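Here the structure comes first, spelled out in C-alpha cells, and everything after it is commentary.
The values are calculated or read from the model by the stated rules, or taken from the named source; none is laboratory data. Because the structure is predicted, anything quoted here is derived from the model rather than measured. In this analysis, Cβ positions are derived from the backbone assuming ideal geometry, glycine residues included, and neighbour counts consider all displayed protein chains. For the accessible areas, the whole protein counts, side chains as well, though only heavy atoms, and no ligand, DNA or RNA atoms are used. Shrake-Rupley method; radii C 1.70, N 1.55, O 1.52, S 1.80 Å.
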Amino acid sequence: MVTISLCMIVKNEEKHLARCLGCVAKLVEEIIIVDTGSTDQTVEIASRYTPNVYSHPWTDDFSDARNYSFSKATMDYCMWMDADDIIEITEAGKFLHLKQSLTLDTDIVMFKYHTAFDESGKPCFSYFRERLIKNCPEYRWTGAVHEVIPPKGKVIYSDIAICHKKTSAGDPDRNLRIYEKQLAAGKPMDARQLYYYGRELYYHQQYEKAITVFEKFLSLPEGWIENKIEACSVCAGCYYKLEQENSALYTLLRSLSFDLPRAELCCQIGKHFLEHRNYENAIYWYKTALNVKRNEYTGGFILPDCYDYIPLLQLCVCYDKIGDRQKAKEYNERAGACKPYSEAYLYNKHYFDNLGIC
C-alpha cells in the first residue's frame, strides 16, 4: 500500500484546522504543517496532530510555501489540502481503497473538488484538481496565486471528493494585491495568470480593465481551452455590468469557437434571450443545454445544475410566457425531480395548482 504525506500551508486557521485534520489524520501516514505567520492558536492546534510543524516566511507566493511543505515530505505521495477543506465520512472508505489499489507508476491522482453547495448541501460547483502527487522534485507548484502543478506522466481520475467549506470570509483583496505587486515589479504574466487576473478584476468590479485582460488572454494561442471558455463567460459578465449587452452576447457566442457548447454557456445565452423576451431563442438554448453531455474530465469548472435543473426551470418560464402552461408545468415537474426542495419549483407548483392545470 502506498504512503501519503499530507502537506498543508496555514495562517490564522484556528477556526478550521482541527476540523480538517480530524477527518484526514487517520487516512495518511504523515502530516506536514507549514505556518506562514499565524498570530492565533493555529500552531498549537497543528502540534496536537503532528510534530512536523514548520515556520516559513510569507512572500506573497503560494507556490513558494507549498513547495516548501512538499520538501519536508518523506512518503510516496504528497497530498495537499487547505485548512477549510474536509473529507466527508462517505469518502474515507474510498480513500483507503484507493491507497490499497494505487501503484507507484502513477504520477498524479485527480480528485473532485466541491467548492459551493445548494440549500440542501448538494454540490453546485465542482472541478477536478491534482490531489495526490508523486513525491519527487519533478512535481512542484507554479504560480504565485491560483497555484498549480502541471499534470504529466501517468494521471488517473478518482471520484473521491474534497469539500471546500469556509466558515468565515478571508481577505478578498489578497489575490489582486499579489497580481498587481507582480506587475509593478515588471514580472510578465503567462496565459493562466492573465486569466485569473481578469477574474480578480471582475470580482473587484473593475470591469473595463478586466475586459482588456480577458481579450489579451483570449488572443494567446497557448491559453487552455477550458479557461478560454470560462473567460468568455466572465468577460460577458463584465459587458453586462457595463450595460453593453450586444457585446456580452457576442462574447458568449465566441465561446463556441473554442469547442463544443458547454451547458453553462448555453444557459447564459438562454438567459440573455429570456430577459429580452425572445422566448423561442431562449427555448432553443435551454434545450441545447439539456442535450449537452457533461464531461467532468476536461478539468473545467462544472455547474451541475446547468445540465438539468436550471434549463428545466427556465423552460418552464419560457413556455408559460408563450402561453403553453401544460408544457410549462411538465418542465417544472422535471425540475422538481432534480430538486424537490427548491423554492422556485415549489412556487411554480403552487402557481400551476392554483390555475388548475393537471
Every residue in the stretch 1-18 that is open to solvent by 40 Å² or more (accessible area, probe 1.4 Å) and within 13 Å of residue 99 (Cβ to Cβ), please. 1
Output for the stretch 334-358, where each listed residue is closer than 19 Å to residue 307 by Cα and either touching a Pro at 6+ places or on another chain (Cβ under 9 Å) or surrounded by 16 or more Cβ atoms within 10 Å (Cβ to Cβ) (or both): 334, 335, 336, 338, 339, 342, 344, 345
Residues (loosely packed, with under 13 Cβ neighbours inside 10 Å and not in a loop (DSSP other than H, G, I, E, B)) located in the stretch 159-173: 159
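Yes or no, residue by residue, for (1) within 20 Å of residue 238 (Cβ to Cβ); (2) of a type in the set (Asp, Glu); (3) touching a helix residue (DSSP H, G or I) at 6+ places or on another chain (Cβ under 6 Å):
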| site | (1), (2), (3) |
| --- | --- |
| 255 | yes, no, yes |
| 267 | yes, no, yes |
| 270 | yes, no, yes |
| 280 | no, yes, no |
| 289 | no, no, yes |
| 295 | no, no, no |
| 303 | yes, no, yes |
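Listed here are the residues, each with its yes/no results for (1) in contact with an Asp or Glu (Cβ under 6 Å, 6 or more places away or on another chain); (2) of a type in the set (Val, Ile, Thr); (3) closer than 30 Å to residue 158 by Cβ.
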residue: 247; (1), (2), (3): no, no, no
residue: 251; (1), (2), (3): no, yes, no
residue: 264; (1), (2), (3): no, no, yes
residue: 285; (1), (2), (3): no, no, no
residue: 331; (1), (2), (3): no, no, no
residue: 357; (1), (2), (3): no, yes, no
Of these, 199, 177, 192, 277, which one is open to solvent by less than 40 Å² (accessible area, probe 1.4 Å) and in contact (Cβ under 8 Å) with a residue 24 or more places away in the chain? 199
Index of the failed condition, residue 216 passing every other in (1) open to solvent by less than 40 Å² (accessible area, probe 1.4 Å); (2) in contact with a Leu (Cβ under 8 Å, 6 or more places away or on another chain): (1)
Name the pairs: first residue in the stretch 242-263 and part of a loop (DSSP other than H, G, I, E, B), second residue of a type in the set (Val, Ile, Thr), Cβ to Cβ under 7 Å, at least 6 apart or on different chains? 258/225; 258/229; 259/225; 259/229; 261/288; 261/292; 262/229; 262/292
Residues satisfying the stated conditions in the stretch 145-173, i.e. free of Cβ contacts under 8 Å to residues at least 24 places away in the same chain and within 22 Å of residue 17 (Cα to Cα): 169, 170, 171
Residues of the stretch 1-47 satisfying the condition of being of a type outside the set (A, V, I, L, M, F, W, C) and touching a His at 6+ places or on another chain (Cβ under 8 Å): 35, 36
Check on residue 323, surrounded by fewer than 17 Cβ atoms within 10 Å (Cβ to Cβ), over 19 Å from residue 125 (Cβ atoms) and of a type outside the set (A, V, I, L, M, F, W, C): yes
Which ones in the stretch 138-190 are charged (D, E, K, R) and either in contact with a Lys or Arg (Cβ under 6 Å, 6 or more places away or on another chain) or under 30 Å from residue 90 (Cβ atoms) (or both)? 147, 154, 159, 165, 166
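Go through the stretch 103-124 and report how many residues are in contact with a strand residue (DSSP E or B) (Cβ under 7 Å, 6 or more places away or on another chain), within 15 Å of residue 4 (Cα to Cα) and not hydroxyl-bearing (Ser, Thr, Tyr).
Going through the stretch 103-124, the residues in contact with a strand residue (DSSP E or B) (Cβ under 7 Å, 6 or more places away or on another chain) turn out to be 106-118, 123-124.
Then drop every residue that is not within 15 Å of residue 4 (Cα to Cα), which leaves 106-111.
Right, trim to not hydroxyl-bearing (Ser, Thr, Tyr) and you get 107-111.
Selection size over the stretch 103-124: 5.
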Any hit, the stretch 121-138, residues being assigned to a loop (DSSP other than H, G, I, E, B), more than 28 Å from residue 60 (Cβ to Cβ), at pLDDT below 95 and not basic (Lys, Arg): yes
Got at least one residue in the stretch 124-138 being surrounded by fewer than 11 Cβ atoms within 10 Å (Cβ to Cβ), in contact (Cβ under 8 Å) with a residue 24 or more places away in the chain and farther than 19 Å from residue 296 by Cβ? no
